[in-house]
Amino acid sequence: MTLHETPLQDGEAAVRLLSYYGIPKTHPYIVNFVKAMRDEEILRQEFSYIPPETLRYDNRFVGLNNGSCLMSLIYTMQSMLGYGDDEEIRHFQDIC
């Protein structure tokens with residue numbers, strides 16, 4: 001079983017590539033990607049492919065203050081795409 005058919009199906013790899021190429025945060029790819037990362041139902045669906053990931057999603061905020069949780073990765077990806085100054089991420093900036 002292959003989890004991702006291509007590296008770009010992995011969110012973290014896709015964010016790195018989009019960031020490296022300097023795609024503007026107003027581009028529909030970026031806008032929709034960040035919108036998906038902020039949508040509870042979309043995220044739940046993405047993390048429901050195997051049972052351990054469902055638990056990881058349910059506990060996504062546990063450990064945020066020390067940077068060892070799923071949300072720290074999601075907030076970092078949003079920051080890399082140009083959304084680091086948004087109110088939703090401000091608490092994470094304070095932790096960093």
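Is it the case, given these coordinates, that Val34 is under 22 Å from Arg90 (Cβ atoms), at pLDDT 90 or above, in contact with a Phe, Trp or Tyr (Cβ under 6 Å, 6 or more places away or on another chain) and not in a loop (DSSP other than H, G, I, E, B)? In short, yes.
Among residues of the range 49-58 being hydroxyl-bearing (Ser, Thr, Tyr) and open to solvent by less than 90 Å² (accessible area, probe 1.4 Å), the one that is modelled with the lowest pLDDT is Thr54. Residue pairs whose Cβ atoms lie under 7 Å apart, sitting 6 or more positions apart in sequence or on different chains, and linking a residue in the range 79-96 that is more than 20 Å from Ala14 (Cα to Cα) to a partner that is open to solvent by less than 80 Å² (accessible area, probe 1.4 Å) and at pLDDT below 85, are Ile95/Gly67.
Kindly establish whether Glu46 is of a type outside the set (Ser, Thr, Tyr) and surrounded by 12 or more Cβ atoms within 10 Å (Cβ to Cβ). Taking the combined requirement at face value, the residue satisfies it. Just one of the listed residues (Arg38, Arg44, Arg16) is among the basic types (Lys, Arg) and without any contact (Cβ under 8 Å) to a residue 24 or more places away in the chain, and it is Arg44.
Checking Pro52, Pro24 one by one, the residue that is over 16 Å from the mean Cα position of the chain (by Cα) and either in a helix (DSSP H, G or I) or among the hydroxyl-bearing types (Ser, Thr, Tyr) (or both) is Pro52 and no other.
If you check Leu55, Leu18, Leu70 for being closer than 18 Å to Ile95 by Cβ and hydrophobic (A, V, I, L, M, F, W, C), only one passes: Leu70. When the range 59-77 is filtered for residues that are among the hydrophobic types (A, V, I, L, M, F, W, C) and either open to solvent by 40 Å² or more (accessible area, probe 1.4 Å) or under 16 Å from Phe33 (Cα atoms) (or both), the ones remaining, listed by number, are Phe61, Val62, Met71, Leu73, Ile74, Met77.
The values are calculated or read from the model by the stated rules, or taken from the named source; none is laboratory data. None of the values given here were measured: they were computed from a predicted structure. Neighbour counts are summed over all protein chains in view; Cβ atoms, including those assigned to glycine, are modelled from backbone coordinates with ideal geometry. These accessible areas exclude ligands, DNA and RNA; they are computed on the full protein's heavy atoms, side chains included. Shrake-Rupley method; radii C 1.70, N 1.55, O 1.52, S 1.80 Å.
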